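Asks: Encoded as structure tokens, here's the structure I'll be asking about.
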Amino acid sequence: MPLLAALAVGCLLSLLAFELARQLEHERANSEFAQVAADQFSVLQRRLEHNFDVLLSLSGLLSHGQVEAQEYRAFVRPFMARFPSLRQVGWAPAQDGDLHVPTAPTASEAAAALDRSFVLTFSERRRAALIATGSDLRDSPVLAPLLLEALMHEGPAVGHAPDGRGGHLLIWIQAVYAIADAPNEDRTLLGFLFGGHEIGTLVEVALAALTPRGVDLEVRDVAAPGPPLFWHDAQARLPLPVRRPAYALPPIEEIVTIGNQEWRVTATATAAFVPGADGRLPWVLLTGGLMFTLLLGIYVHALSRQSERYMRMVAQLEQEVHERQRAEQQLAKLAHHDALTGLANRALFSDRVEQALAHAARTGERLALFYLDLDGFKTLNDTLGHEQGDVALREVARRLAGAGRAEDTVARLGGDEFTILFRELKTPREAARLADKILALLAEPVQLDEGPWQMGVSIGISLYPADATDLATLLSYADRAMYAAKRAGKNRYAFYGPVPA
């Protein structure tokens, strides 16, 4: 009886160990499958982005002006050979002279631009063309819907359409503008560059370098329910026979982006991927005996406990490091930025100006220092209270931040006083244009709880090197010029020195 009892207990423990091993194998398979799927998602995303190299490169070539057919072919054909999925690349210039389009056109302005013809002039294709040479892009049911979108948004407009052979094409269209256009002015639309990739070939080539791991991929358009755009059948590339899975792994989904399109990619593990947990391992465990089963159970239990303790320790350490980094970043920001508006404070502004002055002394760069004081802010504070005054200051700061470029610095010195350092001025007169822009930005009333409130701003301007070459003098001169603007009637600007011609 004791022997039978021992055998019964041993068999029971062996079965339990088997189930535990089976569960661990399942978790390992889930983890491995998630890693393989993530690798394939990453490769697919990078390949999709890489295929836009032809668009970016060719756009740069075309933006310089008229391109000859031989030059176009010499540039595009290497891309056609490099990207097997590329079906056609075409260039359709605007007809009947220059076509000017606002920098950020409205729907009506973009539609008006499409009143012109855009005839396909140059085209390189691998198979049947999406549109024939000499045709107007607006007449293509595939390309026409993307023209308006390409005009209204920066970057390519992307869509997809059937390829006529049971698959789908990835279509992109890029509006090409002349590079000589000045910023913030109407741009000259030279035409549209378009191309099409065979989605099936694109995905197959992207994943060809990966070792077959028994993973199927399904690609769907997030915004267009219906049949999948493509199905990558890894099972068809694997040797047969394959076993049926001992358990099913849940599919994994990921969103990949291509231009303005989002694709939902679903990875599914096939029978060839799932490890055979129902093979010889259970029989080894059953015949191993009572002691082996007991030791195995103790080992697995101890390993699981140790793993949990380690993960908790790592998570706690990561949380402490994250909290410390966040505290340090917050302290650094408070030391160099205004707490109310988020703009640079006096210390950061002074440091930026000193750096700009040192650079300008070496390069001959022109600078302008603006000193701004809000008109009517004290009345607002006295009438509506400091809370509404703070609301107004934050709104003014937001508008001023939009007036500068990346290389400029906007700061709040305190109260309702602000300063701006403008760099890389082409002419001193450009400072006057920037001052007019600021006056226009602050001319619109500020929306407060009590309703709209009209404010103005007086601006004093000092120039480097015309007025002074050091920070203290430039700031003092700009302050004097600001008070001169107030004495002249407020809501205007004044230069410390002579008004630039």
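Asks: Read phi for every residue in the range 427-440 and hand back ³J(HN,Hα) as whole Hz from Karplus 6.51 cos²θ - 1.76 cosθ + 1.60, θ = phi - 60°, with x for Gly and Pro.
Replies: So the J values, rounded to whole Hz, are 9, x, 5, 5, 4, 5, 5, 5, 5, 4, 4, 5, 4, 5.
Asks: Would you mind checking which residues have amide H under 5 Å from ARG187's amide H? H placed 1.01 Å from N; only 5 or more apart, or other chain.
Replies: Close amide H contacts, sequence-distant or interchain: VAL101, THR103.
Asks: Between ALA361 and ALA315, what is the label-to-label distance in nm when each label sits 7 Å out along the Cα-to-Cβ direction?
Replies: 5.6 nm
Asks: Which listed residue (GLN95, ALA112, LEU463) has the Cα farthest towards the positive end of the charge dipole for the chain, taking +1 on Lys and Arg C-beta and -1 on Asp and Glu C-beta about the Cα centre?
Replies: Going by the charge dipole, the pick is GLN95.
Asks: Long-range amide H contacts for LEU169: which residues qualify at under 5 Å (H placed 1.01 Å from N, peptide plane, sequence gap of 5 or more or a different chain)?
Replies: ALA161, ASP163, ILE199
Asks: Using the Cα centre as the reference, give the magnitude of the dipole from point charges on the C-beta atoms of the chain (Lys, Arg: +1; Asp, Glu: -1; all else neutral), rounded to the nearest 20 debye. Display every interim value, and only then the final one.
Replies: On the way: 48 positive and 60 negative charges, 231 e Å.
Here the chain has a charge dipole of around 1120 debye.
Asks: If I model a spin label as a point 7 Å beyond the Cα along the Cα-Cβ vector, how far apart are those points for ALA112 and TRP283 in nm?
Replies: 8.3 nm
Asks: Could you run the Karplus curve 6.51 cos²θ - 1.76 cosθ + 1.60 with θ = phi - 60° over the range 443-459 and give me ³J(HN,Hα) per residue in whole Hz, x for Gly and Pro?
Replies: Ordered by residue, 3J(HN,Hα) equals 6, 6, x, 8, 7, 10, 4, 7, x, x, 10, 8, 10, x, 8, 9, 10 Hz.
Asks: Please give the helix 386-403 orientation as an angle from the longest Cα principal axis of the chain, in degrees from 0 to 90, rounded to the nearest 10.
Replies: Approximately 90 degrees, to the nearest ten.
Asks: Identify, among ALA360, THR293, ALA175, the residue whose Cα sits farthest towards the positive end of the charge dipole of the chain, taking +1 on the Cβ of Lys and Arg and -1 on the Cβ of Asp and Glu, with the dipole about the Cα centre.
Replies: Positive-end residue among those listed: THR293.
Asks: If you line up the long axis of helix 471-487 against the longest principal axis of the chain, both from Cα atoms, how many degrees apart are they, to the nearest 10?
Replies: Helix 471-487 sits at roughly 60 degrees to that axis.
Asks: Then there's this: Please turn the phi angles of the range 146-151 into ³J(HN,Hα) values with the Karplus equation 6.51 cos²θ - 1.76 cosθ + 1.60 (θ = phi - 60°), one per residue in order, whole Hz, x for glycine and proline.
Replies: Result, rounded to whole Hz: 8, 5, 4, 5, 5, 6.
Asks: Still on this structure, please answer the following. Using only the alpha-carbon atoms, how far is helix 2-50 inclined from the longest principal axis of the chain? Give it as 0 to 90 degrees, nearest 10.
Replies: Taking the Cα atoms of the chain, the angle to 2-50 is about 40 degrees.
Asks: Specify which labelled value, from (i) 1.13; (ii) 1.44; (iii) 1.32, agrees with Cα Rg over 2.2 N^0.38 Å derived from the coordinates of the model shown.
Replies: (ii)
Asks: A further question on this structure: Between HIS50 and THR427, what is the label-to-label distance in nm when each label sits 7 Å out along the Cα-to-Cβ direction?
Replies: Once both label points are built, they end up 4.9 nm from each other.
Asks: What number, rounded to the nearest 500 deg cm²/dmol, is the helix-based mean residue ellipticity at 222 nm of the chain, given -39500 (n - 2.57) per DSSP H run of at least four residues and division by all its residues?
Replies: Details: 13 runs with 228 residues, N = 501.
Calculated from helices alone, the mean residue ellipticity at 222 nm is -15500 deg cm²/dmol.
Asks: To continue, here is another question. Below 8 Å, C-alpha to C-alpha, sequence gap of six or more: please give me the relative contact order for the chain in percent. Please list the in-between numbers first.
Replies: Values: 780 pairs, mean separation 58.4, N = 501.
Once divided by the residue count of the chain, the mean separation gives 12 percent.
Laboratory data are not the source of any read-out in this text; all were calculated from the coordinates shown. A quick note: this is a predicted structure, and the numbers were derived from the prediction, not measured. Please note: Cβ atoms are built from the backbone with ideal geometry, for glycine as well, and neighbour counts cover all protein chains shown.
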